[in-house]
Structures are given as structure tokens and as C-alpha cells.
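Notes to accompany the following structure.
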Amino acid sequence: MTQNIDSKSLQGQHQHRNCIDHALQTAEQICLKKNVRLTEIRKHILELICANHKAIGAYELLDLFREQEPKAKPVTIYRALDFLMDAGLVHKIESLNAFIACLQAEHQHKSAILICDQCKNAYEIDATSVYENLFSLSEAVKFKPQYLTLELHGICASCQKV
């Protein structure tokens, strides 16, 4: 699950249920606007991703999903993930081959994902200006960028205190 970094969330005053509710509400609104279906399976997968702020892999999702749907196949998870990513509701963390929910999905933005190497929490920040600078620099050398993922690995404020 992604979250905007703010002092309250990093100081342990974070209300996690609000993240889940926000993500599900936003998902319903976005799907309605795009005239696509947020099926119960897709919604359930999103809720599983939102269960905490740690990145989660597809097979971890499958194991959790099988608790309610024992005959579920990997393709079910991958199709749901593809849909959720296309809708802008989920980000893939390439370096971990894992997924987090986007809590800013209702706004156009370019994200950078901050990943704590100790607790594995992932935080999303708006990095639109960084993207703009990189694309501008690439244009200066006649390079046409097509895909960019920004991931920063490090140690979060909570783990630094330990």
C-alpha cells in the first residue's frame, strides 16, 4: 500500500483503515468514470494489497486469495493485477517484483516509490518535477523515453529510530 509521507504517518499515528477505505472508494469512482467493472475479484485483490504498507508479490496474493477461493489460479491474480495497474490503482515495484496500492489514484501524478529495506514498507511520493526534468534532459540529447520507474531503497524514519 502506498502512502503519502507525512509526519503523522511516520510517527505512528497513522490510521491504516482509512487507507484501505480510501483506496476502495477511489477504485470504485475511477472504474465508474472509465466505464469498466471493478469485479468482486478485482476489489478483493485490491483489498489484499491494501492490507498493509508492505509490497506484496503475486504468489503471496494468490495464497491469501485462496483462503476464500481455494481453487484460484495464478492467472486470476495476474489478470486482476493487470486491470488494477491499467486503472492506475496499483503500482508495480520492479526491483521487488511486488505490488502496492496507489493512494493518489484520483490525481494525475508521476510517482517515486520509497522502499524501506528493513521493514519493507513502501511509500509513494509525487515526483512529477523529477520526471519532467528527466524527460527534458533526454529530449536535449534526442532520446525518446518510453518508460520510467523511480524507486529509492533506504531506511524509513521508523526503522532509523530502532
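No value in this document is a laboratory result; all are computed from the given coordinates. Nothing here was measured: the structure is a model prediction, and the numbers come from that model. Reconstructed Cβ throughout: ideal geometry from the backbone, glycine too, with neighbour counts over all protein chains shown.
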Among 104, 146, 25, residue whose mean-square fluctuation peaks in a GNM of the chain (springs only between Cα atoms under 10 Å): 146
At least 20 Å along the helix axis (C-alpha) and Kyte average at least 1.0, DSSP helices within the chain: none
Gain in span if fully extended, residue 47 to residue 149, counting 0.36 nm per residue against the direct Cα distance: 34.3 nm
Cα-projected label distance for residue 71 with residue 133, points at 7 Å along beta-carbon direction, nm: 5.4 nm
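With runs of 4+ DSSP H residues as the only contributors, calculate the mean residue ellipticity of the chain at 222 nm using -39,500 (n - 2.57) per run, divided by the residue total and rounded to the nearest 500. Write down the numbers at each step before the final one.
Details: 7 runs with 72 residues, N = 162.
One gets -13000 deg cm²/dmol as the mean residue ellipticity at 222 nm.
Place a +1 charge on the Cβ of each Lys and Arg in the chain and a -1 charge on the Cβ of each Asp and Glu, then give the dipole magnitude about the Cα centre in debye, rounded to the nearest 20.
Working: 18 positive and 19 negative charges, 46 e Å.
Dipole about the Cα centre, nearest 20: 220 debye.
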Within a Gaussian network of the chain (alpha carbon springs, distance under 10 Å), most fluctuating of 24, 114, 96: 96
Virtual spin-label span in nm between residue 30 and residue 162, 7 Å along Cα→Cβ: 3.0 nm
